[in-house]
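Computed from the coordinates by the stated procedures, all read-outs in this text should not be read as laboratory data. Small disclaimer: the values here were computed from a predicted structure and weren't measured.
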Amino acid sequence: MAWRAKRNRLPTKLELAKRNVDIPNKMCALSESCEESADHIFSACFVATSVWEGIERWCGLETIYAFEVRYLMEVFNFATGGKMGKRIVHGVIVVVWCIKKARDDSIFNGKKANIGKIVASVKSLLFLWLKSRSRFKKIVWKNWCKSSLYML
Ligand SMILES: [Zn+2]
């Protein structure tokens, strides 16, 4: 999914309309503020920017400025915190996944996006992803929720 997002190959409303699919409402399912493109959903949308702010605070990162999805995928190149920090920031894919899931839930299940729930989903999925790797077996959920930095 991240690969498709980076190459603008996700079936967003705008991309579907470009391919002659009849899309009566091309507005973003998360915010209704702009036409729905991958760049909007994952970087420009206020729901996405709020989620990214939550992740930045949790990870102790400086503000992530990315106006296109492809730049989001390169954030880990500039991460601090050594190898562990870079691995945690690889979680950018988890953030993109959770935003996409919130967008899909809005369209297909009529659920309004909840920024706090999206950030919580990112934390739990990333925890499970790292915990399943032998190198990260000792991470503890209680500490993880406070900050991912306790691991560094
Ligand atoms: Zn939006």
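Under DSSP H, which helices of the chain have Cα atoms covering 15 Å or more of the helix axis and a Kyte-Doolittle average no less than 1.6?
Values: long enough: 46-59 (19 Å, 0.34); 92-109 (24 Å, 0.72); 115-131 (24 Å, 1.33).
Membrane-span-like by this rule: not one helix.
For the chain, place one equal point scatterer on every Cα, skip the solvent, and apply the Debye formula. What is log10 of I(q)/I(0) at q = 0.09, 0.10, 0.12, 0.17 Å⁻¹?
Normalising to I(0) and taking log10 leaves -0.29, -0.36, -0.51, -0.95.
Based on the Kirkwood radius over alpha-carbon pairs, what value in µm²/s does the Stokes-Einstein equation return for the translational diffusion coefficient of segment 34-75 at 25 °C and 0.890 mPa s?
Details: Rh = 10.4 Å.
The Stokes-Einstein estimate is 235 µm²/s.
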